Amino acid sequence: MLKLTDVHVDYGHVHALRGISLTVNDGKIVSLLGGNGAGKSTTLKMISRLIQPKKGRYEINGKSMLRDSPSKVVKKGIIHCPENRRVFPLFTVEENLMIGAYSRKDKTIKKDMEKVFTYFPRLKERLHQKAGTLSGGEQQMLAIGRSLMGNPKVLLLDEPSLGIAPILVKEIFEIIKTINKDGTSILLVEQNAHMALEISDYAYVLENGHIALEGESKDLKDNDEVRRLYLGG
Ligand SMILES: Nc1ncnc2c1ncn2[C@@H]1O[C@H](COP(=O)(O)OP(=O)(O)OP(=O)(O)O)[C@@H](O)[C@H]1O
Ligand SMILES: [Mg+2]
């Protein structure tokens, strides 16, 4: 279980997070929704220890993570797939996937790569293609695939649907659901509230660095405020 309690983050005089508390229970998909600048990416960066909070608690299975380095967090199975599908453009698909396994020494790496290909067969077809020449959607698949190579217990996904054609968005959300069914908890940052609420168990709505609303996803879908602000009426 991953748990944040009253987390505050400042960038200089910008108060990006103003007391966030959230929980990702094992085996669940949890959505973090909200408009531009609400603090969604900041929350994920804080969880992967790229940013130190000014105040607050961050625990995994009851143990504080605030003294752990980003690589220690990765070793604990908290893997961050950042926004804007950051792949290494000059490296091939295969090399990008191998980079995702950098923190591991175990012998199941090849097997895990085959598993990634079951989610994203396209990546296998493009194995030796340079990542920079993939389409946007394929790069997103590669970014997620690379994160899976880190063998995540909790996958932090930052806007996997951004800039992707609607038909592919549906496919990517289906795959996220399958990844979760196969045993990975997911914290899903999305502006596509409709799809996110469709596949998640629980959701938080961030506004201006605080949690404005939270609840079971199926209840939030029917919430008037969520419908008006995030689901287009
Ligand atoms: N490195 C930084 N320095 C200063 N301010 C920052 C920095 N990174 C983020 N911010 C500010 O913190 C606030 C939250 O940013 P964040 O990236 O977390 O938002 P977001 O919810 O992910 O938005 P989006 O949906 O646009 O990606 C914004 O006001 C942003 O301008
Ligand atoms: Mg963001």
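The values are calculated or read from the model by the stated rules, or taken from the named source; none is laboratory data. What you see is a predicted model, and the numbers here were worked out from it, not measured in a lab. Here the Cβ is made from the backbone with ideal geometry for all residues, glycine too, and neighbour counts use every protein chain on show. Note: accessible area is taken over every heavy atom of the protein model, side chains too, but ligands, DNA and RNA are not part of it. Shrake-Rupley method; radii C 1.70, N 1.55, O 1.52, S 1.80 Å.
Each Cα pair under 8 Å and six or more residues apart adds its sequence gap; the mean of these over the residue count of segment 37-128 is a relative contact order of 22 percent. Take the Cα of residue 84, step 7 Å along the line toward its Cβ, and report every residue of segment 161-188 whose backbone nitrogen sits under 15 Å from that point. Within reach of a label on residue 84: 162-163.
Loop-located chymotrypsin sites (Phe, Trp or Tyr not before Pro) in segment 98-158 (DSSP state other than H, G, I, E, B) with a sparse environment of at most 14 neighbouring Cβ atoms within 10 Å: 102. Placing a pseudo-label 7 Å from each Cα along the Cα-to-Cβ vector at residue 1 and residue 219 gives an inter-label distance of 1.8 nm.
Label zone (residue 57, point 7 Å along Cα-to-C-beta; backbone nitrogen cut-off 19 Å) within segment 66-97: 66-68. In a fully extended conformation the segment linking residue 50 and residue 122 would gain 22.8 nm over its present Cα-Cα distance, using 0.36 nm per residue.
When both segment 178-233 and segment 5-32 are represented by their alpha-carbon centers, they are found 14 Å apart.
Counting only lysines at least 8 places from residue 63 when in the same chain, those with an alpha carbon closer than 26 Å to its own are 3, 28, 40, 45, 54, 55, 72, 75, 76, 105, 153, 181. The modelled label-to-label distance between residue 69 and residue 231, using points 7 Å beyond Cα along the C-beta direction, is 4.5 nm. Carbon-plus-sulfur accessible fraction, the chain (probe radius 1.4 Å, protein heavy atoms only): 52%.
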